[in-house]
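Since every read-out is calculated from the coordinates, none of them should be taken as a lab result. Owing to the predicted nature of the structure, the values given are computational and were not obtained by experimental measurement. Every residue, glycine among them, receives a Cβ derived from its backbone with ideal geometry; neighbour counts consider all protein chains shown.
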Amino acid sequence: MKLNKYKTVTFVLVILVVISLFGSLFQNNILSEIAWVLILPTLIFFYTSFKGKKSILFIVFLSGFAISEILKLWFITSEVIYYYTSYVFVMLAYSSLIILFIKGIKFKKLVKYFKFHLIILVAFNLYILYTLNEMILQDETLEVNTFIFYVEVMYNVLILLMLSTSLMYYLHNLNKQSLLLFLACVCIVFSEMIQVAYVFITAEIFLKMIYLILMAIGFGLIYYYTLIDVKRRQLIKQ
């Protein structure tokens, strides 16, 4: 029965992703957005429907993203309101995942064995942060040293912190689940960079498609992570 639930959820998620991608490709935005909005609630249902200990921080991460996507439909006639209202929930989602990673890391061990990796990581983060801010500054309507500008900067900092802590979490644990979360974060971060280019530079359809594909892969990896977590608790029998 539980295995059937897994198969059903997997089928539903695949169908929703396909509908969203084809809806975007053929510029049926309403269909695409509705399908996309349903993906995360389905994932949350799968993760929380089984008995056993669950990570509250992980649930907050999924819920923050889900609410952000729901707001997209709620404020569909006002893109500006959606854009900045959703920031609050996405930033909450990223923050909860960052805390989840930090709680699972012993930093003394990390510094002892991965000093060089950490130096490269800091340099990479500074470069990506600079690149993202330069892309944002391409928007001539955005004023520097304003509240909105600092929100954009803080958002970019959280994205990079999530990527950095996910890598450190993987280096510290070196297991399949930490690898899945790291790869998922890589996909999400690069999808965010594509979205910045789509919003602030050029609204080309291929950029939106790349964004959706990367985000779908990222949350597909997260779904696989939740599946392993459920199996680890012996709630799905292979």
- Note on the structure: Zone reached by a paramagnetic label modelled 7 Å from Asn125 Cα along Cα→Cβ, restricted to segment 154-177 with backbone N below 16 Å, covers 154-172
- Query: For Lys115 and Ile56 in one chain, what is 0.36 nm times their gap in residues minus the Cα-Cα distance, to one decimal in nm?
  - Reply: 18.1 nm
- Would you please give the FRET efficiency between Thr146 and Phe45, computed as 1/(1 + (r/R0)^6) with r the Cβ-Cβ distance and R0 = 45 Å, to the nearest 0.05? 0.70
- Item | Where a label projected 7 Å from the Cα of Lys103 along Cα→Cβ would reach, residues of segment 155-176 with amide N under 17 Å | 162, 165-166, 169-170, 173
